[in-house]
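Before any comments, here is the structure.
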Amino acid sequence: MAGRRAGAGTGVRTLLALLALRALGAAAHPQCLDFRPPFRPPQPLRFCAQYSAFGCCAPEHDAALARRFGALAARVDAAIWAECAGYALDLLCQDPSTPLRTVPGLCEDYCLDLWRSCRGLFRHLSPDRELWTLEGNRAKFCHYLSLDDTDYCFPRLLVNENLNSNLGRVVADAMGCLQLCLEEVANGLRNPVAMVHARDGSHRFFVAEQLGLVWVYLPDRSRLEKPFLNISRAVLTSPWEGDERGFLGLAFHPGFRHNGKLYVYYSVGVGFHEWIRISEFRVSEDDVNAVDHDSERIILEIEEPASNHNGGQLLFGDDGYLYIFTGDGGMAGDPFGKFGNAQNKSALLGKVLRIDVDRNERGPLYRIPSDNPFVGDPAARPEVYALGVRNMWRCSFDRGDPASGAGRGRLFCGDVGQNKFEEVDLVERGRNYGWRAREGFECYDRKLCANTSLGDRPPPPRALEDLSPRICPPTPRLLRTTQEALLGTGCRLTPASPASADDVLPIFAYPHKLGKSVTGGYVYRGCEYPNLNGLYIFGDFMSGRLMSLRENLGTGQWQYNEICMGRGQTCAFPGLINNYYPHIISFAEDEAGELYFMSTGVPSATVARGVVYKMIDPSRRAPPGKCQIQPAQVKVRSRLIHFVPKEEFIRRTESTPRPTAPAPTKAPRRSRPTTAPLAPTLRPSRSTPRPGRRRGGGRRRGRLGTKVPEPSNGAVRLVRPAGLSPGRGRVEVFAGGRWGTVCDDAWDTKGAAVVCRQLGFAYAVRAAKRAEFGEGHTLPILLDDVRCTGSERNLLECAHAGLGSHNCDHQEDAGVVCSREDPHL
């Protein structure tokens, strides 16, 4: 397209490049993609045809550009237009109306060629009067328009292999991490354990806190000041980090729009007696954004022999029945009875239950579905739908492929392991998921493992040696990356399918080297990010990892990929961020099927560090208008609190596979022995970068000005002698516009933990003293007597003697030794 002008050398080169791209079936990369992800137009473009595969131009916008081109032709002298029409087409189809520019960033040779004969076009293409004034000076004119980056300036970006080869695809880094981004949706929450919608067309979402409060958020993300539900006085929990008791689950009845019913799962107790309660509530007749607290009816209560492993998920299936996911009762190893609760069909703990709560206004509060698998078995509770689970934390039903419906109704669960493995299960009617006989693919209780009712077991896999995947032949019922890459068994040890048809192996399991507390997620079935369709996304509470599984429809195997925050400038779109708090508590879908997760920096029911994040695929979005929603209007009686985002994009050059996370004593809802934790991780403090200059190339690259931005107050760095590995060195802090050192008086591992977190390390191995890593003679001593609790974002938030006040010298400069791996493993 760019070669329509006669006698333009650069135009000829561009035409050849575009012809080559079309011959290869490749997509060209317009600069407008700096400000929003690309999409595939629903039909070929007629005017900007080179962007029909992927770009940021919908057919309606393409038609508007064509009209603008026609109007421009009518205003420009015919002789000039014959020479300049190709240039006009180039510039219009780059869609330069971005926050930083009104015209594309040009390659210098192209600009010089354009200036010779067609510089007058810009009076018609751009309202930038400063550009108009430079029209007579070729050097200044092209300096103003050109980009220093010769790979990204127009038209060279059209043939840049790095930009065009993966256009429209989810990008994985060299380690196989899928690069996604985030959008902050809500903040200031106290251990947000669940986020659900009401299926009533209102597109509200309801976020539950562990304390027992549920908040209403409107589609514009404003929150109602009055809570939707507040049963905090009845809920049993505590402020200590890792308490698994509390408000744990919430589900709206499929007919909520008509019957106003919802169900909650929470812990209660009197003295040393504790139990879990599933209750039914109704929405208030006077306010659809508030529950009638007097309407509570207790549907089911189950005694808890210990304070951990409380389960907590409630779901309604397509069958209309309520599914309840209980833990095994707590302690370690399910020690209750001969086989444990999970293998005892007469116990409700360690199970997936299914009950019918319809038509319960009179008679029993719930009924047993006639097709429950153990109806008629005198040794079993009829509520039991599946057994052999340890502590399933977060389950979800697959909505199914938006086009074909494939996969609809599959039930995915993350089941928290004991000592070695975490697992993801596909829950099916009547199946036994192995606990406590098995943990992941490995025997846990060898006597139970050999029991014929659980199937004959292969020898346990040998010790974990290698996490890198190899190509293995398919293995029935097993995920290759689980069997070989994650368990390190090679292609020789292939655990056989269980002998019993009712005994089911996980679809995926991972060792505690990758995480110690799985948080189940969702299969993405939303509209906005087509490349994610069919991807099961989940996480780990302890390590902060985001992970994914995708089924190979031909083999039935599941392929594992970790999810990273996009590296470099991948997430530098307006409104997106590339970092999150590390303790991943739960995942969620909104009413339209878009995917979210909730995490916190401090896993305590009383600390408001919880954030809700929406997952964003920067590689591709749906065409404009395709995913529009029309929320049903609801009357709001409470005052609205408008959403103010607090998180920021962190500029870094490397991929960030996961947040930096210490290991707390246990998750908010389940426990296991761990080493003593560092303080919970918070993101490093950072300043908001200034927008690029007008002639810069937007988010990706270009002329961004000459001055390096000043570090934010509280920023830290490590200075180490040559030869030492990263993560150790003398601590230097930026405060009051200058760098300085920290005196080691009162310096301990809590202060070291704050520094290590800021620098992206999960663990503080030790606090170094007495100038172990050298003396900072050239710098002032800025901090002395630093005393941290460990939860601070930077050292300036810790107690100290005052900025610049000290009674020490550089022989007492403090240092740290940080690590990305747990030093105790």
Task: Residue selected from the stretch 109-143 under the condition outside any helix (DSSP H, G or I) and either surrounded by 15 or more Cβ atoms within 10 Å (Cβ to Cβ) or not assigned by TED's automatic domain parsing to the domain that holds A71 (or both), by the criterion modelled with the highest pLDDT - done: L134
- [ ] Being farther than 12 Å from A735 by Cβ, under 40 Å from the mean Cα position of the chain (by Cα) and charged (D, E, K, R) is the filter here, so list the residues in the stretch 776-810 that pass it.
- [x] D784, D785, R787, E792, R793
TODO: Among the candidates G400, G388, single out the residue that is farther than 20 Å from I302 by Cα, of a type outside the set (F, W, Y) and at pLDDT 95 or above.
DONE: G400
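Yes/no per residue for (1) within 26 Å of P721 (Cα to Cα); (2) aromatic (F, W, Y); (3) surrounded by fewer than 21 Cβ atoms within 10 Å (Cβ to Cβ); (4) touching a His at 6+ places or on another chain (Cβ under 7 Å):
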site	(1), (2), (3), (4)
R770	yes, no, yes, no
T778	yes, no, yes, no
L783	yes, no, no, yes
V786	yes, no, no, yes
R793	no, no, yes, no
E797	no, no, yes, no
Open item on the list: Testing K447 on (1) crowded, with 17+ Cβ neighbours inside 10 Å; (2) over 23 Å from A251 (Cα atoms), one condition comes back false. Which one is that?
Closed with: (1)
Open item on the list: Taking the conditions exactly as written (under 15 Å from G815 (Cα atoms) and crowded, with 20+ Cβ neighbours inside 10 Å), does R730 satisfy them or not?
Closed with: yes
TODO: Just give me the residues in the stretch 733-770 being free of Cβ contacts under 8 Å to residues at least 60 places away in the same chain and touching a Ser or Thr at 6+ places or on another chain (Cβ under 9 Å), in sequence order.
DONE: F734, V765, R766, A767
- [ ] Report whether or not S267 is under 34 Å from the mean Cα position of the chain (by Cα), in the same structural domain as L211 (by TED's automatic domain parsing), polar (S, T, N, Q) and in a loop (DSSP other than H, G, I, E, B).
- [x] no
Task: Any hit, the stretch 226-234, residues being assigned to a strand (DSSP E or B) and buried (at least 21 other Cβ atoms within 10 Å of the Cβ) - done: yes
- [ ] Only one of these is under 30 Å from A509 (Cβ atoms), aliphatic (A, V, I, L, M) and assigned by TED's automatic domain parsing to the domain that holds R223: V612, V607. Name it.
- [x] V612
- [ ] Scan the stretch 586-632 residue by residue and report those that are closer than 30 Å to F761 by Cβ and in contact with a Pro (Cβ under 6 Å, 6 or more places away or on another chain).
- [x] M598, G601, V602, P603, S604, T606, G610, P618
TODO: Could you please give the count of residues in the stretch 508-545 that are more than 15 Å from W393 (Cα to Cα), among the aliphatic types (A, V, I, L, M) and crowded, with 21+ Cβ neighbours inside 10 Å?
DONE: 3
Open item on the list: Being assigned by TED's automatic domain parsing to the domain that holds L211, among the aliphatic types (A, V, I, L, M), outside any strand (DSSP E or B) and in contact (Cβ under 8 Å) with a residue 40 or more places away in the chain is the requirement here; does V288 meet it?
Closed with: yes
Task: Top-ranked residue in the stretch 748-773 [being out of contact with any strand residue (DSSP E or B) (no Cβ under 6 Å at 6 or more places or on another chain) and part of a loop (DSSP other than H, G, I, E, B); ranked as farthest from S819 (Cα to Cα)] - done: R770
TODO: Can you tell me which residue among G337, G329, G317, G350 is assigned by TED's automatic domain parsing to the domain that holds V235, out of contact with any strand residue (DSSP E or B) (no Cβ under 8 Å at 6 or more places or on another chain) and small (G, A, S)?
DONE: G337
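The values are calculated or read from the model by the stated rules, or taken from the named source; none is laboratory data. Note that the coordinates shown come from a computational prediction; the quantities given were computed from them, not determined experimentally. Positions of Cβ are backbone-derived with ideal geometry, glycine not excepted, and every protein chain shown enters the neighbour counts.
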